[in-house]
Every structure is written in structure tokens, then in C-alpha cells.
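The values are calculated or read from the model by the stated rules, or taken from the named source; none is laboratory data. Values in this document were obtained by computation on a predicted structure and should not be read as measured data. All Cβ positions, even for glycine, are placed from backbone atoms using ideal geometry, and neighbour counts span all protein chains on display. When the accessible area is computed, the model is the full protein with side chains, heavy atoms only, and any ligands, DNA or RNA have been set aside. Shrake-Rupley method; radii C 1.70, N 1.55, O 1.52, S 1.80 Å.
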Amino acid sequence: MPTKPLDLELRAAHPADEPAVLRLMRASLGWRDEDPNEEFFRWKHHENAFGVSPAWVAVHRGSVVGYRTFLRWRFLDDAGREVRAVRAVDTATDPAYQGQGIFRRLTLRGVAELTLAGDGLVFNTPNDQSRPGYLKMGWSLARRLPVGVLPAGPRSLAPMIASRVPADLWSQVTSAGLDAGEALADGAVAAALLEHAPTTGFRTHRTPEYMAWRTSFAPLQYRLLLASPHDPAEGGLVFRLRRRGDAVEAAVIEQLVPDRRTGMALVRRMLKHTGADYAIGLRTGPSAGLLPLPGQGPLLTTRPLAASPPSPRDWTLTLGDVELF
């Protein structure tokens, strides 16, 4: 006899649920044994500088058969006020329990409880398959986040244009620059670079603690290229290499520079020292040296919780805000 939705218990996830949640995600999402998915999960949801992720589970006869979590985030608005937010991220449903609305029910349960807790808004960049479901649950399209690119040279144009497939999650190894996680674990280095962080728009609340966490997961191979090897106050660029089809792209995660000239020089140095085919980043945040790629970029969706999302034009995001989670 098939399980009825009323047979399911929906509740907040407990720490004791984690082994069952990881088994569910491994089975439903096809995690490969050789990939550090469990460590990645813990880095996102337990070590996050903005706090531990709230999560909910669906349980049937003592077994976790559905999971939904939201990544905590903090923004600053144009007036410098902090806004608590969450990002809709990991979700999984046991294949034997699909078709019972578990994803929708857990998501709406989370939305209701987060609203009561005072979180301001939820945001994400869902793919074409999941976006319609979010829109039916009250999400709205905010804007397309415009992409900027810079080919390494004429020979890089063909592989860049041909590589219209999703990028690999895990990074390519490079010795260019510094290990960003190690360098930004030094609060003084992070603070010096953050003197060049965006000061207007609706932007991530970048702190030394955030920068240290954001670049600390070793398998992602984040690198830091400084304008001056002796003085981080002169600016720097955080990036990682990832394969996209036959091309290797240098993803510009953060550009923390005093002026466009410095940013452009760093992007060119990065391409030269890494051998990447092209650089890519978002043009809603600092993006010196990156040329517009019209009509391309992820679609940002938002949903109000205890506050209203900002105007679409106010979002000031970098790849560091959206490229991974």
C-alpha cells in the first residue's frame, strides 16, 4: 500500500538525524565515493560564518525520507543595515517517496518557521528544472545576473564559445597566487583587502570571518592573487580554476581592488599565470577587466520572509555569492 502524505512526520532536523540525512543524499543525489561531498556538506552547513543552517526532515516509520535546508546569509542594504537572509540549497527525497509533495511541504514549512524567526528573505539561483516549482511557492524572478568574461587570447575564443555545459564543481589545481584559505585566515590580510569591498547596493556582509570561511574548503582550491606581494592593502583577487567542457575557466570569486586599473591588471595576470582559457565573473559587483556577455548569467529568484527583497537593480553580487551553493 503506498504511503499517504498524512503518514509522514515533518519536523525540524536534529543533529542526530545527520547520518540518515547523508545516507539519503548519497542515495538520491548520486554522490561518488571519491568526492568529498560529506565534508563539503559540513563545511556549508556547520562551519558557515553566518551560522548553522536550519533544516527540516520528513520521517516515515522512523526513517528520514525527505530533507530540506537553507544556508544562512547576511546582507547589507544600501544604508549599511544588516539583513538576515537564507539561501534555498540542499534538498533530497527518497525515490520511493517521490510524488507526495515532500519537497514542497518541507520548503513551505521552512519558509513559515524562518519568517516567524525574523529572517528577512530567501534567495537562490535555481536551474530550469526546479525554478517552476519555486515560482509556484511564492518565489519571484528578481533579475538575470549579468556575466562578464575575458578570453586569454584569440585561440581561447573557440573553446570558450563551445563550452556551453555546466562547470565542474571541483576545482583544477594551480600554483598561481597564494592559498586563499591560508592567507585569509590571517584577519589582518582579510581586513586590508576588505577596505576595497563594495560599499553600496544590496551586498554580502563581508567580514574577515566570512572571508576566512568562504575560502577555507581545501578541495575547492581557492587562490588569492595580490596586487603587491608585500601589501594586501593594495588589493587582490580571489579565484579558482574549474573545467567547463573542453575549456578551463578562471572563476573570479571576489575582486577587492582600489580601482579598475588594478582589477584589470590582476585579471590579466591571473590568466597568464594559470593558463586558463578565459576569466568569468558577475558584473553586478566589482568586475574590472571583464567584458559583457549579453543574455547570459544565472536567474536570481527571491521570496519575502519577514522583510521585502530589495529592488532588482540594487543587488550587488559576485560569483562568491552564487557560484557554489
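Residue by residue, here is whether (1) surrounded by 16 or more Cβ atoms within 10 Å (Cβ to Cβ); (2) in contact (Cβ under 8 Å) with a residue 40 or more places away in the chain; (3) part of a loop (DSSP other than H, G, I, E, B) holds:
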| site | (1), (2), (3) |
| --- | --- |
| Pro219 | no, yes, no |
| Thr262 | yes, no, no |
| Leu271 | yes, yes, no |
| Ser287 | yes, yes, yes |
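Conditions tested, residue by residue: (1) crowded, with 16+ Cβ neighbours inside 10 Å; (2) of a type outside the set (Lys, Arg); (3) on the phi > 0 side of the Ramachandran plot.
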residue	(1), (2), (3)
Arg164	no, no, no
Gly181	yes, yes, no
Asp186	no, yes, no
Leu194	yes, yes, no
Thr207	yes, yes, no
Met211	yes, yes, no
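Gln129 meets the conditions (1) surrounded by fewer than 16 Cβ atoms within 10 Å (Cβ to Cβ); (2) touching a residue at least 24 places away in the same chain (Cβ under 8 Å); (3) more than 16 Å from the chain's Cα centre (by Cα); (4) farther than 20 Å from Pro304 by Cβ in every case but one. The failed one is (2). The set of residues from the stretch 247-260 being within 14 Å of Gln221 (Cβ to Cβ) and touching a residue at least 40 places away in the same chain (Cβ under 8 Å) comprises Val248, Glu249, Ala251, Ile253.
Could you tell me whether any residue of the stretch 152-161 is basic (Lys, Arg), under 18 Å from the mean Cα position of the chain (by Cα) and under 26 Å from Leu291 (Cβ atoms)? No, every residue in the stretch 152-161 fails to be basic (Lys, Arg), under 18 Å from the mean Cα position of the chain (by Cα) and under 26 Å from Leu291 (Cβ atoms).
Scanning the stretch 55-66 for residues that are in contact with a Ser or Thr (Cβ under 7 Å, 6 or more places away or on another chain) and open to solvent by 10 Å² or more (accessible area, probe 1.4 Å) yields a count of 2.
When the stretch 146-162 is examined, which residues are found to be closer than 20 Å to Ile253 by Cα and in contact with an Asp or Glu (Cβ under 9 Å, 6 or more places away or on another chain)? Spell out the reasoning first.
First, pick out the residues of the stretch 146-162 that are closer than 20 Å to Ile253 by Cα: 146-152, 160.
Those that are closer than 20 Å to Ile253 by Cα and in contact with an Asp or Glu (Cβ under 9 Å, 6 or more places away or on another chain): Val149, Pro151, Ala152, Met160.
Of the residues Arg313, Arg283, Arg268, Arg303, which single one is over 21 Å from the mean Cα position of the chain (by Cα) and of a type outside the set (A, V, I, L, M, F, W, C)? One residue alone meets the criteria, Arg268. Residue pairs whose Cβ atoms lie under 6 Å apart, sitting 6 or more positions apart in sequence or on different chains, and linking a residue in the stretch 300-320 that is more than 13 Å from Thr284 (Cβ to Cβ) and of a type outside the set (Gly, Ala, Ser) to a partner that is assigned to a helix (DSSP H, G or I) and open to solvent by less than 40 Å² (accessible area, probe 1.4 Å), are Thr301/Tyr134; Leu305/Leu114. For the residues Ala176, Ala233, the requirement of being among the hydrophobic types (A, V, I, L, M, F, W, C), in a loop (DSSP other than H, G, I, E, B) and either more than 30 Å from Pro312 (Cβ to Cβ) or modelled with pLDDT under 95 (or both) singles out Ala176.
Report, by residue number, each residue of the stretch 153-173 that is outside any loop (DSSP other than H, G, I, E, B) and either polar (S, T, N, Q) or farther than 29 Å from Arg244 by Cα (or both). Give the steps one after another, and end with the answer.
If we filter the stretch 153-173 for residues that are outside any loop (DSSP other than H, G, I, E, B), which is where we start, we get 154-162, 172.
Within the stretch 153-173, Ser156, Gln172 meet the criteria.
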